[in-house]
């Protein structure tokens, strides 16, 4: 059974996925992250409003902004520190 992901973890996974590859659509994110389309849309709009994600409505693509890439980098650092501390 898969653990439930927190909202912040879902934000991270969306941003990380979009940062790893050049172009993503909502459909490709939906199938990769295994969340409902409604949830994905809500999270995309929140991340877009925060300036962490850019939605291109003309090309129907989603990409991580520089601010979003910084969030991913900091989240990676924090999770690595927690793993070190809990060993």
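The values are calculated or read from the model by the stated rules, or taken from the named source; none is laboratory data. What you are looking at is a predicted structure, and each value in this text was computed from that prediction instead of being measured. Here the Cβ is made from the backbone with ideal geometry for all residues, glycine too, and neighbour counts use every protein chain on show.
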Given the condition more than 15 Å from residue 16 (Cα to Cα) and in contact (Cβ under 8 Å) with a residue 24 or more places away in the chain, answer yes or no: does some residue in segment 71-79 qualify? no
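Could you check, for segment 32-46, whether at least one of its residues is more than 16 Å from residue 7 (Cα to Cα) and touching a strand residue (DSSP E or B) at 6+ places or on another chain (Cβ under 9 Å)? Write out each step before concluding.
The initial filter retains those residues of segment 32-46 that are more than 16 Å from residue 7 (Cα to Cα), namely 32.
Narrowing further to those that are touching a strand residue (DSSP E or B) at 6+ places or on another chain (Cβ under 9 Å): 32.
The answer is yes; a qualifying residue exists.
Going by the structure shown, is residue 54 more than 13 Å from residue 13 (Cα to Cα), surrounded by 11 or more Cβ atoms within 10 Å (Cβ to Cβ) and touching a strand residue (DSSP E or B) at 6+ places or on another chain (Cβ under 9 Å)? Outline the logic, then answer.
Values: more than 13 Å from residue 13 (Cα to Cα): yes; surrounded by 11 or more Cβ atoms within 10 Å (Cβ to Cβ): yes; touching a strand residue (DSSP E or B) at 6+ places or on another chain (Cβ under 9 Å): yes.
Yes; evaluated as a whole, the condition is true for this residue.
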In this structure, does residue 46 turn out to be touching a helix residue (DSSP H, G or I) at 6+ places or on another chain (Cβ under 8 Å) and modelled with pLDDT of 95 or more? yes
Residue 5 is checked against (1) in a helix (DSSP H, G or I); (2) over 10 Å from the mean Cα position of the chain (by Cα) and fails just one. What number does that condition carry? (1)
Are any residues in segment 59-82 modelled with pLDDT under 90 and part of a loop (DSSP other than H, G, I, E, B), and if so, which ones? 59, 60
Out of segment 23-49, which residues are in contact (Cβ under 8 Å) with a residue 12 or more places away in the chain and not in a helix (DSSP H, G or I)? 23, 24, 25, 35
